[in-house]
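Enquirer: Can you keep this structure in mind? I'll have questions shortly.
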Amino acid sequence: MTHNELVIKNYNKWIDKNSGINIMGYGSELSQDIRFRTLFKVGDMTEKTILDVGCGRGDFAVKLARHGIKYRNYLGTDIVPEMIEIAKRENTSKNIEFKVLDILNCKEKLSFDYVIMCGPLNLKTPHTEETAKKLIRRAYEIAKIGVAFNMTSTLGDEDKKTEHTHYFDPFDTLRYCATMTRNLKFDHTYLPHDFTVFMYKRGEYEPHQ
């Protein structure tokens, strides 16, 4: 089975067995909120266009609204059709759209100020590492300002790790991101088993047009 087929199969099982936030595998609303607040640090998203890759139920869009962030447009994408159906039911705000879409196999031109990826890379399959690299590179190509994504970390406590989760080496991830840009930020302080990488098209030292 391909990576996408395995992801769809696993999430459909979780959707059938769980409800609410539990179908996303965050563990708790608190841990989800901590991850989202970290992703907010990517930059000022006011009046900006946002692509949320692997949006799930659309929870990130809900948090943006709760924090008063008035973005210009938001597109949430996921490869799991059932997730998109849930997102459409639970999010009816203006300037928001949800699509079943794989950005690695998309013919339409995508261009957004910020690309966000919260958790779509963490399910363990034989293809996770390869797919993650492709997604990061594609996200950086799409972004006009920056990318923020999080991953589960190999530096987490061994007794807390699960069989279905893929754990990434944060240093290898940073080295890979550095092949695209030197304008990077890194945060491994908010949760013991999680890290976030921020990638930018311009550094703070560079003039903005």
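Only the coordinates and a few stated rules stand behind these numbers; no lab work does. Since we're looking at a predicted model, the values are computed, not measured. Note that we place each Cβ from the backbone using ideal geometry, even for glycine, and neighbour counts take in every protein chain shown.
Enquirer: Filter the chain for me: DSSP H helices, axial length by Cα at least 18 angstrom, mean Kyte-Doolittle hydropathy not below -1.0. List them by residue number. Kindly include the intermediate steps, with their values, before the conclusion.
Expert: Working: long enough: 3-17 (21 Å, -1.17); 128-142 (21 Å, -0.91).
Correct list, ordered by number: 128-142.
Enquirer: With point charges of +1 on the Cβ of Lys and Arg and -1 on the Cβ of Asp and Glu, referenced to the Cα centre of region 75-209, which listed residue (LEU75, SER111, PRO170) lies farthest in the positive direction of the dipole?
Expert: Looking along the dipole axis, the top candidate is SER111.
Enquirer: Follow-up. Counting other beta carbons within 10 Å of each Cβ, put ASP159, ASP172 in order, fewest first. The partial results should precede the final answer.
Expert: Numbers: ASP159 5, ASP172 11.
With the fewest neighbours first, ASP159, ASP172 line up as ASP159, ASP172.
Enquirer: A follow-up question, please. If the viscosity is 1.567 mPa s and the temperature 4 °C, what translational diffusion coefficient in µm²/s does Stokes-Einstein give for the chain when Rh comes from Kirkwood over Cα pairs?
Expert: Estimated via Stokes-Einstein, D reaches 75 µm²/s.
Enquirer: How large is the direction-averaged shadow of the alpha-carbon convex hull of region 112-209, in nm²?
Expert: On the way: hull surface 26.1 nm².
Convex hull of Cα atoms, orientation-averaged projection: 6.5 nm².
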